[in-house]
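This report refers to the structure that appears directly beneath it.
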Amino acid sequence: MTSTPTRASSIADINQQAASLCSAGQFAEAWSLVKPILEPRADVAEDSRADALNIAGACSYGLGSLTDAENYWRQCLRAKPGYAEVYSSLGMLLKSVGRLSAAKAVYRQLVALRPAQADAHNNLGAVLYGMGYKDEAEASYRQAVALRPDYAHAHYNRAIVLHELRRPQEAEVAYRHALIGLPSHAEAHNNLGNVLMELGRVDEADAAYRQALTIKPQYPEALNNLGGALKAAHRLPEAELACRLALAIRPDYAEAHLNLGAVLADLKRLPEAEAAYRAAISHRPDYAEAHYNLGLALSNLERLPEAEMAYREAVRLRPDIVHAHNNLGGVLRVLDRLPEALEAFAQALALRPDLAEAHYNLGTALAQLMRLPEAEAAYLRALALRADYGEARFGLAVLMLGMGRFDEGWRLYECRYELPGFVHHKTRSMVNCPQWQGDTLAGKSLLIWQEDGLGDMVQFSRYVALLKAQGAAHIAFACVPALHRLMASVDGVDAVLDHDTALARVAASTYDCWTSLLSAPLHLRTTVDTIPRAVRLAAEPSLVEKWRPMLEGMPPGRKIGLVWKGNAKHHNDANRSIPTLATLAPLWNVPGLSFVSLQKGQGEDEAQNPPAGQPLLELGSAVNDFADSAAIIEQLDLVICVDTSMAHLAASLGKPCWVMLPEKDVDWRWMHERSDSPWYPHTLRLFRRAAGESWSAAVERVRQACVERFSTEEAAELCSVKK
């Protein structure tokens, strides 16, 4: 039954009764009471009618009739423009239906009407934040807490926007103020943890996440974030557990799959990391960061074409991920698609010109393209941006040495001791005595420590006599057993040791200092024009006699030693080594030549079972060490090899040696565009593969050189006999 106002019942009483019913949730009953007085009437004051319209709006809102609610509240404000509570209600309604611009206008009117009302400023801030006006939102929240310092929700809202405005120190303060009034607000603890992580205070972030989880144990975001904090603290098993707990609560949580993948990658469990990244992508196909991390995992798994696809998808989805462009360039460089790599590095640098890694990678690609001045400029730019960038310093060192700028190159080359990924970095902690820095050696005992390749030791053994000439009283050479007998014959070497024995003597303080042979050129100021003569090695006579019968059993004519593969673990082995022995088949057609395999390790099996028609005496498998190899080479006429230690051994024995160099990533010691070497000026000849040239073409040039050399020698010998 609808009540009708009479003279006996005042309008104020009806409004009060309706308001009570509305507060009790009896919206239909309350609306029925005020309905008769909603239209303008002479016997109803405007203020009373405005109260009735406000109640009608609240009832309509409670009944879900939002259009009616808005209409009643707007009529109310026309009847009573200063009705502050209605502005608040109308603003709340408009905000709830996403009409933020209209809500903003309403809340601005409320703020103008009630400038000291903290709630009005807080609500205006929420609308401005929703519209993306973060600076204005922060100002509104700041005004709210200025008016009411204990306004916890306004502190919380302000903290959120401060964090997004990249003002983390202020955001921390705001969150801590919020938590005074909201100590059980799990989200506030979690968000504080995020701010602390950004500030690098990992332990405090860990505590904040754990507090959030104490309040709300089934909180996947806090578990995932805790996993991130544990990962940053290198507590990887715990980090893995936290991520997996987050996923147990929410299996489709893409961010937790991503975080789990990153933890697994740090644990070197790359196949599992890949699976985690793919799970993230399955739940969120447009997750650019997951595609990027997948690219990282696939790169480390050496599945480069797949890594390329992952990086390309990452930059398609988010072109601003600078490291995805940079890493894509790195993959393309390794895949030998250098122009595309340069383009990717350019994209990275367009996004972030100060990215030192992209300048370094650009320098590496330019060096491979033989654009050496540009490569130097790129390395220098990387170092200008990051003075401690060891990889860029080493890249520049190698470039300088290859260009013959030894004065700069040797100095830079010492940075290898600062690079954790290099074996040299471990030497300083292992060899616990002073490293020689070029000071006087007079009367001192010196340990030479092998940390580089076998060929390096042969090439730089020329410096031992010079170190002895500096006054060293005793020089011990610590090297692998394969070099022991050979190094014992080097002038200036007093003792040859294995590494363990040398370390034991270091512990007993036997040596005054230690050095690497590759540091000697720096301290002795070697330039291209002052390279010391190669040590003249001599084969041990007894070993020569040991190998003589096998070599004398070969057909008459010239005996040529062959090595077609290097160390499989060398970073450039794919380019340095000839794919198969069959590639050398054209050499078999040169009259008067017989061939000896010096191949050891990789490729040795090919020599044991050579293809039909390839005469080859296989000796590599029977060789014990370099002294054996030297005794064989001593009885040969020529050694033809790829870039391996045998080239240095043959040249140091005074034996002619022809070295076939790869198309790209040629070692710095062979310099650029030379067919000879200042390290071995009279014994060594270089055959460089041109850009795009196959190994077969290079072998054909070697074959022609054989024909020219040995036909000329035979003619000369015939002339000598006739005379």
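The values are calculated or read from the model by the stated rules, or taken from the named source; none is laboratory data. This one's a predicted model, so the numbers in the text were calculated from it and none came from an experiment. Reconstructed Cβ throughout: ideal geometry from the backbone, glycine too, with neighbour counts over all protein chains shown.
A quick yes/no check of all residues on (1) among the charged types (D, E, K, R); (2) part of a helix (DSSP H, G or I); (3) surrounded by fewer than 20 Cβ atoms within 10 Å (Cβ to Cβ):
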position: Ser184; (1), (2), (3): no, no, yes
position: His189; (1), (2), (3): no, yes, no
position: Leu192; (1), (2), (3): no, yes, no
position: Met197; (1), (2), (3): no, yes, no
position: Gly200; (1), (2), (3): no, no, yes
position: Asp203; (1), (2), (3): yes, yes, yes
position: Asp206; (1), (2), (3): yes, yes, no
position: Tyr209; (1), (2), (3): no, yes, no
position: Gln218; (1), (2), (3): no, no, yes
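Can you tell me which of Pro615, Pro610 is touching a residue at least 60 places away in the same chain (Cβ under 8 Å) and either assigned to a loop (DSSP other than H, G, I, E, B) or closer than 26 Å to Ser696 by Cβ (or both)? Before the answer, list the steps.
Working: Pro610 fails: touching a residue at least 60 places away in the same chain (Cβ under 8 Å).
On inspection, the qualifying residue turns out to be Pro615.
Within segment 118-132, the set of residues being surrounded by fewer than 18 Cβ atoms within 10 Å (Cβ to Cβ) and closer than 15 Å to Val86 by Cα comprises just one member, Asp119. Using the structure shown, decide if Leu581 is out of contact with any Lys or Arg (no Cβ under 6 Å at 6 or more places or on another chain) and hydrophobic (A, V, I, L, M, F, W, C). Against the criterion (out of contact with any Lys or Arg (no Cβ under 6 Å at 6 or more places or on another chain) and hydrophobic (A, V, I, L, M, F, W, C)), Leu581 qualifies. Here Arg176 does not qualify as assigned to a helix (DSSP H, G or I), more than 19 Å from Gly200 (Cβ to Cβ) and of a type in the set (Lys, Arg). In the set (1) over 16 Å from Asn194 (Cα atoms); (2) within 22 Å of the chain's Cα centre (by Cα); (3) crowded, with 17+ Cβ neighbours inside 10 Å, the condition left unmet by Ala239 is number (1). Annotation for segment 422-432: at least one member residue is within 18 Å of the chain's Cα centre (by Cα), surrounded by fewer than 20 Cβ atoms within 10 Å (Cβ to Cβ) and either free of Cβ contacts under 8 Å to residues at least 60 places away in the same chain or not assigned by TED's automatic domain parsing to the domain that holds Trp670 (or both). The combined condition, being modelled with pLDDT of 95 or more and more than 28 Å from Val161 (Cα to Cα), is fulfilled by Arg235. Every test in (1) at pLDDT 95 or above; (2) polar (S, T, N, Q); (3) in the same structural domain as Ala397 (by TED's automatic domain parsing) is passed by Gln368 save one, and that test is (1). For segment 679-710, the set of residues classified as assigned to a loop (DSSP other than H, G, I, E, B) and aliphatic (A, V, I, L, M) consists of Ala690, Ala691, listed by residue number.
For segment 553-574, enumerate the residues that are in contact with a Leu (Cβ under 7 Å, 6 or more places away or on another chain) and over 18 Å from Arg703 (Cβ atoms). The answer is Met554, and nothing else. Could you please find all residues in segment 480-498 being in contact (Cβ under 8 Å) with a residue 24 or more places away in the chain, surrounded by fewer than 17 Cβ atoms within 10 Å (Cβ to Cβ) and touching a strand residue (DSSP E or B) at 6+ places or on another chain (Cβ under 8 Å)? Hit for segment 480-498 is His484, nothing else.
Residues checked against (1) surrounded by fewer than 17 Cβ atoms within 10 Å (Cβ to Cβ); (2) closer than 21 Å to Glu663 by Cβ; (3) in contact with a helix residue (DSSP H, G or I) (Cβ under 6 Å, 6 or more places away or on another chain); (4) not charged (D, E, K, R):
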residue	(1), (2), (3), (4)
Pro319	yes, no, no, yes
His325	no, no, yes, yes
Phe345	no, no, yes, yes
Arg352	yes, no, yes, no
Ala358	no, no, yes, yes
Leu380	yes, no, no, yes
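Taking segment 251-295 as the range and being of a type in the set (Lys, Arg) and outside any loop (DSSP other than H, G, I, E, B) as the test, only Arg278 passes.
Does segment 252-275 contain any residue that is closer than 27 Å to Ala186 by Cβ, over 25 Å from the mean Cα position of the chain (by Cα) and surrounded by 17 or more Cβ atoms within 10 Å (Cβ to Cβ)? For segment 252-275, residues closer than 27 Å to Ala186 by Cβ, over 25 Å from the mean Cα position of the chain (by Cα) and surrounded by 17 or more Cβ atoms within 10 Å (Cβ to Cβ): present. Only residues that are surrounded by 15 or more Cβ atoms within 10 Å (Cβ to Cβ) and under 49 Å from the mean Cα position of the chain (by Cα) were counted in segment 88-98, giving 3. Identify all residues within segment 296-326 that are of a type in the set (A, V, I, L, M, F, W, C) and assigned to a helix (DSSP H, G or I); write none if there are none. Residues satisfying the conditions are Leu296, Ala297, Leu298, Leu304, Ala307, Met309, Ala310, Ala314, Val315, Leu317, Val322, Ala324.
Matching residues to (1) more than 19 Å from Pro662 (Cβ to Cβ); (2) assigned by TED's automatic domain parsing to the domain that holds Val707; (3) modelled with pLDDT of 85 or more; (4) not hydrophobic (A, V, I, L, M, F, W, C):
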residue: His571; (1), (2), (3), (4): no, yes, no, yes
residue: Thr583; (1), (2), (3), (4): no, yes, yes, yes
residue: Gln602; (1), (2), (3), (4): no, yes, yes, yes
residue: Gln614; (1), (2), (3), (4): yes, yes, no, yes
residue: Glu618; (1), (2), (3), (4): yes, yes, yes, yes
residue: Ala622; (1), (2), (3), (4): yes, yes, yes, no
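Considering segment 521-539, and only residues there that are surrounded by 18 or more Cβ atoms within 10 Å (Cβ to Cβ) and over 40 Å from the mean Cα position of the chain (by Cα), the residue that is farthest from Asp667 (Cα to Cα) turns out to be Ala539.
Checked against (1) buried (at least 17 other Cβ atoms within 10 Å of the Cβ); (2) farther than 20 Å from Asp266 by Cα, Pro305 meets all criteria but (1).
Which is under 12 Å from Leu447 (Cα atoms) and part of a helix (DSSP H, G or I), of Val493, Val464?
Values: Val493 fails: part of a helix (DSSP H, G or I).
Every option except Val464 fails the conditions.
Quick one: in segment 133-177, of everything that is under 17 Å from Arg108 (Cβ atoms) and of a type in the set (Asp, Glu), which residue is surrounded by the most Cβ atoms within 10 Å (Cβ to Cβ)? Here the residue is Glu138.
I'm checking my understanding of the structure. Among residues of segment 77-112 that are among the charged types (D, E, K, R) and free of Cβ contacts under 8 Å to residues at least 12 places away in the same chain, which one is nearest to Lys134 (Cα to Cα)? Going through the qualifying residues, I end up with Arg99. Taking the numbered list (1) assigned to a helix (DSSP H, G or I); (2) closer than 21 Å to Val535 by Cβ in turn, Ser621 passes all entries but (2).
Arg49 - would you say it is crowded, with 18+ Cβ neighbours inside 10 Å and of a type outside the set (A, V, I, L, M)? Steps first, answer last, please.
On the way: crowded, with 18+ Cβ neighbours inside 10 Å: yes; of a type outside the set (A, V, I, L, M): yes.
In short, yes.
Is it the case, given these coordinates, that Val666 is farther than 24 Å from Arg709 by Cα, in contact with a His (Cβ under 8 Å, 6 or more places away or on another chain) and not assigned by TED's automatic domain parsing to the domain that holds Leu486? Answer is yes for this residue. Considering Ala377, Ala348, the condition of being closer than 14 Å to Val322 by Cα and assigned to a helix (DSSP H, G or I) is satisfied by Ala348 alone.
Give the number of residues within segment 76-105 that are part of a helix (DSSP H, G or I) and closer than 21 Å to Arg41 by Cβ.
Initially, segment 76-105 is screened for residues part of a helix (DSSP H, G or I), giving 76-79, 84-96, 100-105.
Narrowing the set further to residues that are closer than 21 Å to Arg41 by Cβ leaves 76-79, 86.
Result for segment 76-105: 5.
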